[in-house]
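Taking it in order: structure first as structure tokens, then the write-up.
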């Protein structure tokens, strides 16, 4: 099913006007807020693409856990496949696709680790079982059986008892500092709207343009 022509045209005019204002992060926030009302679950689900020293791309789904004018933040085990690839090539790309809205946003740019205090605060906000799991999981490495994972979780749970579960030293956040952000909106007959923000560096000035679908 596609949107009726009048709704599609109204949305397209609104997008064009918002792009002209030159603030991609505010626009992204508005789209994400709408997705949180419309998507059945995980409106912040993001496909994250990285590549290591071999240049071979790799992609997986993660959760976008924050954004501001500095960039888009996600968290992971630094010893995971994505963590290793980022240590070799501190660049990444992400895309959020909201099927219920027929919209998507994609971005790319250099990556930096978040400050320890930021990672500590987010880790402390996670459910206790998730914090224990971060200690138990040797993410992306071979696992002999599900039972081995369950034993590792039980071992870490016993280790911390009723005490606080601190952030593991191998677990932190990464921020994609975009130099490219594209807003995509479905239009009939695949004649979609694509508006792009570009800049030469993460601290540069944005320019905008429309792309052919």
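The values are calculated or read from the model by the stated rules, or taken from the named source; none is laboratory data. None of these values were measured; they are calculated from a predicted model. Note that we place each Cβ from the backbone using ideal geometry, even for glycine, and neighbour counts take in every protein chain shown.
Considering only residues in region 61-90 that are surrounded by fewer than 16 Cβ atoms within 10 Å (Cβ to Cβ) and assigned to a strand (DSSP E or B), the one that is farthest from the chain's Cα centre (by Cα) turns out to be 68. Within the option set 101, 15, being closer than 20 Å to residue 195 by Cα and out of contact with any strand residue (DSSP E or B) (no Cβ under 7 Å at 6 or more places or on another chain) holds for one residue only, 101. Within region 26-47, if we keep just the residues that are free of Cβ contacts under 8 Å to residues at least 60 places away in the same chain and assigned to a loop (DSSP other than H, G, I, E, B), the residue that is farthest from the chain's Cα centre (by Cα) turns out to be 41. Out of all the residues in region 91-136, which are exposed (fewer than 15 other Cβ atoms within 10 Å of the Cβ), assigned to a loop (DSSP other than H, G, I, E, B) and within 19 Å of the chain's Cα centre (by Cα)? Once the filter is applied, which keeps residues that are exposed (fewer than 15 other Cβ atoms within 10 Å of the Cβ), assigned to a loop (DSSP other than H, G, I, E, B) and within 19 Å of the chain's Cα centre (by Cα), region 91-136 yields 99, 100, 115.
Against the criterion of being in contact with a strand residue (DSSP E or B) (Cβ under 8 Å, 6 or more places away or on another chain), at pLDDT 95 or above, surrounded by fewer than 18 Cβ atoms within 10 Å (Cβ to Cβ) and part of a loop (DSSP other than H, G, I, E, B), residue 58 does not qualify. State whether the residues of region 19-28 include one that is in contact with a strand residue (DSSP E or B) (Cβ under 9 Å, 6 or more places away or on another chain), loosely packed, with under 13 Cβ neighbours inside 10 Å and closer than 24 Å to residue 213 by Cα. Yes; the residues of region 19-28 include at least one that is in contact with a strand residue (DSSP E or B) (Cβ under 9 Å, 6 or more places away or on another chain), loosely packed, with under 13 Cβ neighbours inside 10 Å and closer than 24 Å to residue 213 by Cα.
Scanning region 167-213 for residues that are in a loop (DSSP other than H, G, I, E, B) and exposed (fewer than 14 other Cβ atoms within 10 Å of the Cβ) yields 169, 191, 200, 201, 203, 204, 205, 211, 212, 213. What are the residues in region 138-165 that are touching a strand residue (DSSP E or B) at 6+ places or on another chain (Cβ under 7 Å) and either modelled with pLDDT of 95 or more or not in a loop (DSSP other than H, G, I, E, B) (or both), if any? Matches in region 138-165: none.
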